[in-house]
């Protein structure tokens, strides 16, 4: 069967279009003039990763995500990415999908500095998915929520048991106690207001008292300065000298020297002094009672009258003194 020229032309055109489509897709996944090295990683889910996303190492861009596809046999995600030719890393390095604080998903390489052989283009790297911030918060809050539910359940059971245990009278007593507590709080509030007013009214006298205390403190400081300026040593030396003289005088008296010692230690002198004192007292008493016996005054030259014994004899002073002393004893 002879094929016409039109059929041959149509077949050639179809083959050309197919070849173009295949070549375009091939060149799209593997740039013709690119020197980057391609690697793969398998994940359980992509976490929203997109093609064209930068591949970073410690925040520095070293490549980009080229393809994301699903493995039909395992339903896992195969991520193909490229890295710069001059960037090398160990074959044990991990490819990790992470989420930023803003919710953006990225791919980063965690280099393994273990001295293992370098990863070669086309190798499949170990993979890891970093927990997002919300996942971490949820993981931490889940035990807390469970414990909180247990506490709330226990509290609810306790309150139910408590309400069942209390009878009507106990409940009424609790209500009255709460009412009394409310009244007490109101009274405390009024007392607080009264106390504030009292403090406000006593503020001026308190300031005056503090001023007086300050003045007294100043005077005390001045007195302390004056006392510190006194010649205390000289004063004490003078007192000590005086005490020494008094001590010497007392020793002389004890030894029997001087008039004072004789008055204190000689009974004969004491008796004579007492006798003389008594006689002097009798003489003064007699002069008072009988002045004519001792004094003779005649203005007009008359003769002196004879001494007349008084009809009433007064008690002598010495006897009156003795009687008063005896009565006091």
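The values are calculated or read from the model by the stated rules, or taken from the named source; none is laboratory data. Note that the structure is predicted; figures quoted are calculated from it, not measured. In this analysis, Cβ positions are derived from the backbone assuming ideal geometry, glycine residues included, and neighbour counts consider all displayed protein chains.
Would you mind finding the one in 143, 121, 117 that is modelled with pLDDT of 75 or more and surrounded by 10 or more Cβ atoms within 10 Å (Cβ to Cβ)?
None of the other options fit; the residue is 121.
Regarding residue 106, is this residue at pLDDT 75 or above and surrounded by 14 or more Cβ atoms within 10 Å (Cβ to Cβ)?
yes
Among the residues of the stretch 68-79, are any in the same structural domain as residue 95 (by TED's automatic domain parsing), on the phi > 0 side of the Ramachandran plot and at pLDDT 80 or above?
Checked the stretch 68-79: at least one residue is in the same structural domain as residue 95 (by TED's automatic domain parsing), on the phi > 0 side of the Ramachandran plot and at pLDDT 80 or above.
Quick one: residue 78 ticks every box in (1) more than 59 Å from the chain's Cα centre (by Cα); (2) without any contact (Cβ under 8 Å) to a residue 24 or more places away in the chain bar one, so which box is it?
Result: residue 78 passes all but (2).
How about the stretch 73-103: which of its residues are farther than 23 Å from residue 131 by Cα and buried (at least 18 other Cβ atoms within 10 Å of the Cβ)?
Residues satisfying the conditions are 82, 83, 89.
In the stretch 50-60, what residues are loosely packed, with under 11 Cβ neighbours inside 10 Å and either part of a strand (DSSP E or B) or not assigned by TED's automatic domain parsing to the domain that holds residue 111 (or both)?
Of everything in the stretch 50-60, just one residue is loosely packed, with under 11 Cβ neighbours inside 10 Å and either part of a strand (DSSP E or B) or not assigned by TED's automatic domain parsing to the domain that holds residue 111 (or both), namely 60.
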